[in-house]
Structure formats: C-alpha cells, structure tokens
Amino acid sequence: MNNEEKTTSLSDHNQLTGVQLFSMTTSMVMTVYGFAAFAKQGPTALFFLFLAGILWFIPVTRSAGEMASIDGWSKGGIFTWGRHMLGERLGWSALFYQWIHITVGMCTMMYFIIGCLSITFNVPVINTNPLFKFIIMMVILWGLIFAQQRGTKITGKIAQWSFTIGVIIPVFLLLFLTITYLVKGNPMLIKINPHTILPSSWSGNVLVGFVPFILAFAGAEGSATHVKDLKKPSVYPKVMMALAICAIASDIIGTISIGATIPNAKIQLSTGIVYAYGALVQQFPWINVVFIERLIGLLLAIGIIGEISSWVVGPNAGMYEAAKEGYLPERFAKTNAYGVETNVMVLQGVIVSIMAALLTFGAGGDKSNLSFQTAMSLTVALYTLMYMLMFVTYLVLVFKHDDLNRTFRAAKSKVMRVIMGVLGLVLSAFGFIVTFFPPAAYSAQQKHTYLTLLLTAFVVVFFIPLIMYQFHGNWTLHHHDKSGDLHHQAH
C-alpha cells in the first residue's frame, strides 16, 4: 500500500458526517447526569441555566467555531489557537488543562453510570462499596479505550447510537411524563417566579450552585479538532447552533421535571434523575414503577458511556498534535495502523485510573455525595481555567488578527464578537472562583475533606504543564534528531 492509498484508507476510517459530529459533540455536552444537580438548586437553576446556557455557552460555541475555521487552525484545537495568539507555553498549558480535566470528568460520568446500573440490576452495593465501584469504573474505562482502536468512525457510530438510546429517548419521555403530570393537576414542588429564580443571596456558598451548570455546557470546543474529518466542513457552525438549542432545552426539561416531582432533600446527585421517572410514572397505575426505573437506569447508563467514548478521542487529538511538536516524549507522537493515538489514550487511561482511586477511596466512596461533588468541582476548576485562556486567545484574535482568513465568524459585528469574548471570559472566571466554596449543606468535616481534596488536586495539576514545558526543548531536539520526521511517520 503506497502513501496515497494509506492516507485515503485512514481518511475513510476517520470521516464523519454532520449528524455524527453533532452526536459526538452533543454526547460530550448534554450531560443528563447533571439534571439532579440542577434540580437541587430549585428555581434558581433557571437563572444559572440562563447564565451558563445563553451568556456563556453561545460565546463558547461561536468563538470555537471561528477559530477552528481559520486556515491552518483545524488541527490541534485549543493548542493550535493558543500557541498562535498567546505563545507556546500558554497554548500548551490550555491544551493540558482541557485534556486533564476530563480525567476527573470521566470519574463523575462513571459514578453516574454505576448509580444507574445499581438501580437497573438492583445491586446497591456497587454504588456504596468503594472497592466494587472502583473495579467497575476500570472495566468501563479500559473497555471503551479498547473499543476506540479502529478509528474515529467507530466512535461516531457509538456516539450516534448511545445518544439516541441514552439521551434523546429519555429526555423526550421525561418531557411527556412531566407535561402529563402537570396537565392532570398534580402540584409542583417548586414555585417559579422572579423572587425564587434569583439566588437567595450572593454568597459563595450559594453561588457554588453555578458549578454543575458550567460543567453541563462545557465541551463543545472539544470537537472542533474534528472539523477536518467532516465530509462537508461548512456544516460545523450549523452543528454548533443546533447543539446550543438542544442542550438548553433538555436541561430546562430535566431541571423542572426533577425539581417539580421529588422533594429537594431526597434528590441524590448520582441517581436522582432515575427516581424522577419513577415518581412521574406513578400517575399511570398500570405501569410498573420499578421496571421503568430499571429501564431508564440502563438507557441513561448507555448514554453516558457514549459521552465517555467521545471524550476518549476528543482532546486526545489535540494532545497528539502537541506530542508531534515535542511537548510529550516521542512515543506519544505515534499512531496505530488506523491513525488512532493509542499511546496518548493509554496515558489518559492511567491518569483517569489514578484519579478514580483517589476520589473513590479518598472521599469514602460516595457517602453524602462527597466524591461526586468533589469530582464535579475539580473538573470545573480545571476546565474554566482552560476557558479563560481560550477566551483571552479569542479576544487577541479579534483585536489584532482580523486579517486571518476564516470561513466562519462568531458575529458580523466586531463589537458583538468582543462582547461574546468578554462575557465568556467573565463567566469562566466566575465559575472558577465559586468552585472553591464548599456547598452550604456540608458539615465542617465534609467541608474540610472537600477543600483538602479539591485544592491539593488542583495545585498539583496546575503546575504539571509548566514543569513539562521545561522539557520541551529536550523532547523537540530528540524528535528532530531522528532520521524520520515524526510529522510524517505518525500518519
């Protein structure tokens, strides 16, 4: 097989349709597992949804779409954008924070999967025993990494089916059940009016409720690296806009459905949405509630498996581009026969495994939702740090490099593009700061454990890319000392 045939073969294995990219990106963004955390905030959730879903999420998708459409910027994502606008060190750091955050985020997702499966198969021990929980997390994680080894096309199919089964069907069913519940004259457990929607106070303990909303809408920029894999790259902006509409609508449905039917004190973060279906189905006496809860648990677990599958390949594409530039040792700049960044994926898997052990055993399992909340908060702290760098990158682009050729602009007016960049930057900084406030409901001991775990993990991760950058010169030199150019060898 000559080089041209090999390139064509790899392109076939990694080519995506607009629908598949929409499914992959939506499965990265539409976090069904966050519905219970939203509902926990009561009517205030609608205020946070407005902040995160309109004033933050739309700037993220529009600015990422513009940067990904610039000539020569389609590969590498935030790494490529950042290094051109902010320099090598900050571009690399932004990519690292995006890449590493999901090592924590995957733990949050797997906690949700296990919570659902514990209901589906009626084995609560797997959700309460740290050892059982950790073993199942490893099976899920490494099973998905193994499944990715034959190309992005496989991931697109996994995402498409799991999104349909685990997101679309449950969300529409939830909408139908909630509407029926209200039409029948059943009382809502929450009162929605201007007084209840606004936060009761503006203290850190209350505003920390904003954290899960940032996490719910994060991730859209992760698929920008796959613009080059699209059969028609021009559909990317349309995919992002459709994504924004669907994500906001589904989150409103999930928040109101759970908050209106389950008493706030009884909402469990990792299993709350499953029991919401049970509460809503009780209005139909001929339907078995337990059966519905078990079925929904299985469907939601499948949906989140698809989300993890998409995250396994998303930021890894950017990390692979960085590895080819010498930001990682040489072995990470190679792919398998299908063009998959296997070594980068394995590295990610090892880090996720370590994080899973620390969070699962360090927080005492999932008692009082502590490990779930800590994982969610650490994910947001790392991710909002990356977003702050991304929006600074975008603002530099708008102010200083309007001459660069691009096929898409976030808005026709430069003023609107600046407003989008500033809004995104301010809300990212706001999300970052409030992450470090413990939830008000925690006891003094829980707050101590929460802050200790969160601060320790964050400080360690913050300095890792800065330390690794010091080796950049050596690794780059080592790359170019080789007789074969790794840029070509990797393909």
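If you take the square roots of the eigenvalues of the alpha-carbon gyration tensor of segment 110-171 and sort them as a ≥ b ≥ c, do you get rounded (a/c under 1.5), prolate (a/b over b/c) or oblate? Verdict is oblate for segment 110-171.
Does segment 308-461 classify as rounded, prolate or oblate by the C-alpha gyration tensor (a ≥ b ≥ c root eigenvalues; a/c under 1.5 gives rounded; else a/b over b/c gives prolate, otherwise oblate)? Oblate shape, in that a/c is at least 1.5 and b/c is the bigger or equal ratio. Of the heavy-atom accessible surface of segment 254-359 (probe 1.4 angstrom), what whole percent is carbon and sulfur? The computed percentage sits at 66.
In plain terms, the chain is cut at each of the trypsin sites (Lys or Arg not before Pro) found in a DSSP loop with at most 12 other Cβ atoms within 10 Å, and the longest leftover piece is 1-183.
Adding -39500 (n - 2.57) for every DSSP H run of four residues or longer, then dividing by how many residues the chain holds, sets the calculated 222 nm ellipticity at -22500 deg cm²/dmol. Annotation for F436 and M416: the two label points, set 7 Å from Cα along the Cα-Cβ direction, are 3.7 nm apart.
Highest-first packing order for the peptide set 96-103, 343-350, 192-199 is 96-103, 343-350, 192-199, based on the mean count of other beta carbon atoms within 10 Å.
Looking at the chain, the accessible area is 39 square angstrom per residue; that uses a 1.4 Å probe and ignores ligands, DNA and RNA. Projecting label points 7 angstrom from Cα along Cα→Cβ for H401 and V289 puts them 5.8 nm apart. Using a probe radius of 1.4 angstrom, the carbon and sulfur fraction of the accessible surface of segment 62-117 is 48%. Candidate membrane-span-like segments in the chain, meaning DSSP H helices with Cα atoms spread over at least 20 Å of their own axis and a Kyte-Doolittle mean of -1.0 or above, are 88-120, 130-147, 169-183, 236-261, 289-324, 342-362, 370-400, 414-434, 444-469, with no membrane implied. Applying both filters, DSSP loop and at most 16 other Cβ atoms within 10 Å, to the chymotrypsin sites (Phe, Trp or Tyr not before Pro) of segment 280-316 gives W286. When the listed pairs K157/K231; K231/K400; K40/K191; K133/K191 are checked against a 25 Å cut-off, the alpha-carbon distance exceeds it for K231/K400; K133/K191. If you sort the three axes of the alpha carbon gyration tensor as a ≥ b ≥ c, you get a/c of 1.5 or more for segment 72-217 and a/b no higher than b/c, which makes it oblate.
The values are calculated or read from the model by the stated rules, or taken from the named source; none is laboratory data. Keep in mind that this is a model prediction, so the values were computed, not measured. All Cβ positions, glycine included, derive from the backbone under ideal geometry; neighbour counts span all protein chains shown. Calculation scope for accessible area: heavy atoms of the full protein, side chains included, ligands and nucleic acids excluded. Shrake-Rupley method; radii C 1.70, N 1.55, O 1.52, S 1.80 Å.
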